[in-house]
Amino acid sequence: MSLNPNQKENTLPPVTSGLKKYRGQWSATEVRHLLKRTTFGAKQQDINLFLKMSPSKAVAYLVNTEEPMPAPPINYYNDDKYTDEEIPMGQTWINTLKYNGMNNGRRKNSLKGWWIGLMINQQPTLREKMVLFWHNHFATETRTVDNALMLYKHNVLLRVFALGNFKEMVKAITKDPCMLRYLNGTANTKKAPDENYGRELQELFTVGKGPGSHYTEDDVKAAAHVLTGFYIDYKTFNSQFGPGRHDEGDKKFSSFYKNTVITGRKGPDGEKELDDLLNMIFEQEEVSKFICRKLYRQFVYHVIDDTTEKNIITPLAKTFRKNNYEIKPVLEELLGSKHFFDVAFRGSIIKSPIDFAVGLCREYDLGFPPDSNYVDQYNCWLQVQGTAANMQQNIGDPPNVAGWPAYYQVPDFDKMWINSDTLPKRNQFSDRMIFSGIVRPQQVKVQIDPVGHAKQFSDPGNPDTLINDAVQSLYMMDLSDKDKEYLKSGVLLSGLQGKMSDHYWTQAWQNLADKPDDVANRNNVTNKLKNLYKYLMNLPQYQLM
Amino acid sequence: MKRRDFLRNTVAGVAIPYFLNGYAVKGMSANPFMRAASKYMGEDKVLVLIQLSGGNDGLNTVIPLDQYSAYTAARSNIAIPEDKALKLNGIEGVGLHPAMTEMQQLFNDGKLGIVQAVSYPKPNFSHFRATDIWMTGSDADKIISTGWAGRYLDDVFPNFPAEYPNSKMPDPLAVQIGSVVSTTFQGPAFTMGLAISNPSSFYNLLEGKVNVDSNTRWGAQLDYLEVVATKTDQYANVIKQAALKVKQQSPKYPAPGKNPLADQLKIVARLVAGGLKTKVYMVSTGSFDTHSKQTDTADNTVGVHANLLKRVSEAIGVFMDDLQYLQCADRVMGMTFSEFGRRIKSNASGGTDHGAAAPVFYFGNGVKAKVHGTNPVLPASASVNDNVQMQHDFRALYAGILQEWFTLDQKDVSNVLNGQFQPLQMV
């Protein structure tokens, strides 16, 4: 067992398929691959929808479908310990400017619950996955920003630009109050330049630290000087530009930026230096490559070898530049390509905790409380959020400004999600959702319905096809016949009397339909299915997508 | 063990010769006998790494009192008043931040040392890159994907994880408190570290009964998952057993949640005392990235940075107390590190920007309590670009630990560190 996963990945033959449009087989397997990568879990009704389309229509649907902005988060949180005097229950809190320690804490929770709710209830479009992608890219932490309104506005910004223009997004992020607070932009003045944002703008947000990036420490300083003057108006929680804070001197950049000098602008015009700065940075081809590599790792696979760099990243980055940094054409080209659908990549990504927890909720089509019962609804959403947080992906609070290590840490990348602490927690969550569920007072319960799930299969009364279909719906790879036999005899039928027989199961399943009041039979069938699903979700295959 | 019984009754801070297999050994320092012994000679020795993430402001941690006017000139808005700095017995001109009373006590008791101005040539000012450099032990301009402790463990315990656990090493090689294993423990193929947040939460994983197609990308991912699943299962038990052996710990710990670093070190003490042979533990605390308002405007001895240092000092103090209480203090050596120090000159936001060299603390019953190096030389009027100059390469500290504490052969030390570094005499 002296295997080395990284070495092995490096010795696998490169995938040579390129960006040409995929026109191959279009079965539930290919649709699942597309949906698991682009939404949170592949939901049955979305699979059915996409099966009726061609591959390129399905990708176009994911990328181009227009969606209204969601209704804002609300007060679900009054209880015997605290009442938000200003905001009635069920009403949104985003229009008030009054903040204190108590209402801020509750509203921040409301924001996180609301956000996870948007993921659970997402449409089959790329928007919510891209919101999370940008959250990881332009990482901020609620514990540092610590104001629910600025955090909400930031989240809206990510959603507005999720599939928009990247250059405009960087400009908006630069002036975003949440980011001004998080990376000290609001404290960046000509008297006391603060380099924090000027550095991360280059290192993490645009040119990156890849082989083609050679900006210098002086460029960090010069960028910081360009960006002096933006600050947060804490009366309105909006950002402002204060000409008095702006350094009106000229800013000189290194040879990496072709020795550009950004001429100092006076008065309110100082704000326009941001455009000068972004124009200079976006002149660098490395920006397009850096972002395309990150998108590639998000949607396809963590290893970018020379073949992929040449066949995929380089032309994709060209598309990005040709379209003035619009995101949609890049995603449409990548996700619609032969490369993306290449069988080599099926199941090659380890699910993030959000993919794992939210994907589970969606793939089993769990029934969460309706809008009318928003108190239980938010509380259940927050339980899912807290679960993912325990598995090391706390939305709103990545570990630091670089985002989650699983998206950048060489050589492990998504393996970083899995360790001796988090893997058992994943198993505990799937066990919990199948055996007890999320329980609230008044018999509100969010739980997997294994019988309902099995009913959607072609012939659940036949144990072999049941197991086949269950494996196919939960995994991106098949199991061997030996394993399936074990699942049948060792897991599904282990409790049956005498020598297990396929017929016994068929009869029990049939009885469920014929005699729905036979509680013993119902429990028997339900428990058998629970054991099967539990086992399938505990096997490591379930961690892959 | 006789040696432990003996040392438990000795006066702390006084190096007393004792006998090991008939040979007189002074303190914990290595001698030819120990070097000649196997790599397992340092078998029961444990290293605890404490990461101060964010870049600790060294000049307000170890204060150069001998250049007090240059110090205040450079950072009048955050300077610690001269009379508030904590004095160290027998050391002139060096003061500790007033929040670090426990560490002052440890120094005066002979259980804590300070290394001035630790860094490396061409220091990097990016948190992530600098952290990687510290954790991998690489040159500033080289990329290494393995961690320095990971390479050490790979050297001493070859063929991990295939041949482990075994009778010689039944326990995890390294333990990270928290859920993400640090790059420090990254070995050539696998991470050599095990993450635990709470030993009692360990969970029995079932064995994967599957045939893996190893020639695919998903197969490679699956192999990794299976290995983690198996390891989790095997080590969960030994960790639980070890934890259960310790019924009581020092009553001096702050209430759970009050000091997260103390909470982490409490688990470490429990596992060490419970008999785990684990060589390296890592804990972390933050955030030391004090760009603004690192002190209270009214009183520079309190505020954000003071609270951070208080947390570190209190945690190390109570941890040492607990190790003594659990009678395993002689086995443990600890060391702090941070990805960089901060600029000599403070900024106008009452904070400090990313800098270069900074002091490192190390502690334990067996350490040499001294100050290595001199105070950083501060310019009379520091500019925004002035940095603390390096006096010690951080890998000299690693070399000292590997060679003197873990008694690793000199040749192996060079291999682990990818080069020759004069071991710093810390033990």
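The values are calculated or read from the model by the stated rules, or taken from the named source; none is laboratory data. As the structure is a computational prediction, the values presented were derived from the model and not from experiment. For neighbour counting, all protein chains shown are included, and Cβ atoms are generated from backbone atoms with ideal geometry for every residue, glycine included.
Points worth noting:
- Scan region B:83-119 for residues that are part of a strand (DSSP E or B) and either more than 16 Å from the chain's Cα centre (by Cα) or not polar (S, T, N, Q) (or both) and the total you get is 15.
For every residue, the table says whether it meets (1) surrounded by fewer than 16 Cβ atoms within 10 Å (Cβ to Cβ); (2) modelled with pLDDT of 95 or more; (3) assigned to a loop (DSSP other than H, G, I, E, B).
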site	(1), (2), (3)
A:Met1	yes, no, yes
A:Asn6	no, no, no
A:Arg23	yes, yes, yes
A:Trp26	no, yes, yes
A:Arg32	no, yes, no
A:Leu35	no, yes, no
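- Among the candidates A:Asn419, A:Asn394, residue that is in a loop (DSSP other than H, G, I, E, B), over 25 Å from A:Glu200 (Cα atoms) and within 13 Å of chain B (Cβ to nearest Cβ): A:Asn419
- Region B:331-363 - residue that is closer than 16 Å to B:Leu308 by Cα and β-branched (Val, Ile, Thr) and, of those, farthest from the chain's Cα centre (by Cα): B:Thr352
- The set of residues in region A:397-412 that are in a helix (DSSP H, G or I) and facing chain B (nearest Cβ under 10 Å) comprises A:Pro405, A:Ala406.
- Matching option when the condition is within 14 Å of chain A (Cβ to nearest Cβ) and among the small types (Gly, Ala, Ser), among B:Ser313, B:Ser287: B:Ser287
- Qualifying residue in region A:369-377 (condition: out of contact with any strand residue (DSSP E or B) (no Cβ under 7 Å at 6 or more places or on another chain) and modelled with pLDDT under 95): no
- Wholly within region A:450-545, helices (runs of 4 or more DSSP H) carrying at least 1 residues that are away from chain B (no Cβ under 14 Å): A:450-455, A:463-474, A:502-514, A:519-538
- Selection from region A:180-190 of residues that are in contact (Cβ under 8 Å) with a residue 24 or more places away in the chain, surrounded by 21 or more Cβ atoms within 10 Å (Cβ to Cβ) and out of contact with any strand residue (DSSP E or B) (no Cβ under 9 Å at 6 or more places or on another chain): A:Tyr182, A:Leu183
- Residue among A:Tyr301, A:Tyr296, A:Tyr257 that alone is away from every other protein chain (no Cβ under 14 Å), buried (at least 16 other Cβ atoms within 10 Å of the Cβ) and either in contact with a Lys or Arg (Cβ under 9 Å, 6 or more places away or on another chain) or not basic (Lys, Arg) (or both): A:Tyr257
- Criterion: among the hydrophobic types (A, V, I, L, M, F, W, C) and in contact (Cβ under 8 Å) with a residue 24 or more places away in the chain - qualifying residue of A:Leu157, A:Leu149: A:Leu149
- Scanning region B:133-175 for residues that are part of a loop (DSSP other than H, G, I, E, B), within 15 Å of B:Leu408 (Cβ to Cβ) and within 14 Å of chain A (Cβ to nearest Cβ) yields B:Phe157, B:Pro158, B:Leu173.
- Some residue of region A:188-209 being at pLDDT 95 or above and under 28 Å from A:Gly367 (Cβ atoms): no
- A:Ala42 being surrounded by 22 or more Cβ atoms within 10 Å (Cβ to Cβ) and in the same structural domain as A:Tyr22 (by TED's automatic domain parsing): yes
- Between A:Val287, A:Val220, the distinction of being within 25 Å of A:Val145 (Cα to Cα) and part of a helix (DSSP H, G or I) belongs to A:Val220 only.
- Among the residues of region A:235-245, not a single one is within 14 Å of chain B (Cβ to nearest Cβ), under 30 Å from A:Lys98 (Cβ atoms), crowded, with 21+ Cβ neighbours inside 10 Å and in contact with a helix residue (DSSP H, G or I) (Cβ under 6 Å, 6 or more places away or on another chain).
- Residue check, B:Lys345 touching a residue at least 60 places away in the same chain (Cβ under 8 Å) and within 14 Å of chain A (Cβ to nearest Cβ): yes
- Within region B:183-214, restricting attention to residues that are closer than 26 Å to A:Thr11 by Cα and modelled with pLDDT of 80 or more, the residue that is nearest to the chain's Cα centre (by Cα) is B:Thr184.
- Answer residue from region A:129-153, given it is farther than 20 Å from A:Tyr296 by Cβ and touching a helix residue (DSSP H, G or I) at 6+ places or on another chain (Cβ under 6 Å) and is surrounded by the fewest Cβ atoms within 10 Å (Cβ to Cβ) among those: A:Thr144
- So A:Pro441, is it closer than 26 Å to A:Lys36 by Cβ and modelled with pLDDT of 90 or more: no
- Per the conditions (1) assigned to a loop (DSSP other than H, G, I, E, B); (2) within 30 Å of A:Tyr378 (Cβ to Cβ); (3) touching a strand residue (DSSP E or B) at 6+ places or on another chain (Cβ under 8 Å), the sole criterion not satisfied by A:Lys81 is (3).
- Of all residues making up region A:322-337, the number that are at negative phi and surrounded by fewer than 17 Cβ atoms within 10 Å (Cβ to Cβ): 4
- Subset of region A:422-449 that is more than 10 Å from every other protein chain (Cβ to nearest Cβ) and among the hydroxyl-bearing types (Ser, Thr, Tyr) - its residue that is surrounded by the most Cβ atoms within 10 Å (Cβ to Cβ): A:Ser430
- Breaking point among (1) of a type outside the set (Ser, Thr, Tyr); (2) within 14 Å of another protein chain (Cβ to nearest Cβ); (3) assigned to a loop (DSSP other than H, G, I, E, B), for A:Ile94: (2)
- Conditions (1) away from chain A (no Cβ under 14 Å); (2) surrounded by fewer than 22 Cβ atoms within 10 Å (Cβ to Cβ); (3) assigned to a loop (DSSP other than H, G, I, E, B); number of the one not met by B:Asn365: (2)
- Every residue from region B:115-132 that is more than 14 Å from chain A (Cβ to nearest Cβ) and crowded, with 23+ Cβ neighbours inside 10 Å: B:Val115, B:Ala117, B:Val118, B:Ser119
- Filter result (closer than 13 Å to B:Gln116 by Cβ and part of a loop (DSSP other than H, G, I, E, B)) within region B:333-362: B:Gly341, B:Ala356, B:Ala357
- Per this entry, A:Asp79 is counted among residues that are among the charged types (D, E, K, R), surrounded by fewer than 16 Cβ atoms within 10 Å (Cβ to Cβ) and free of Cβ contacts under 8 Å to residues at least 40 places away in the same chain.
- Yes/no for A:Gly212 being at pLDDT 95 or above and either of a type in the set (Gly, Ala, Ser) or within 30 Å of the chain's Cα centre (by Cα) (or both): no
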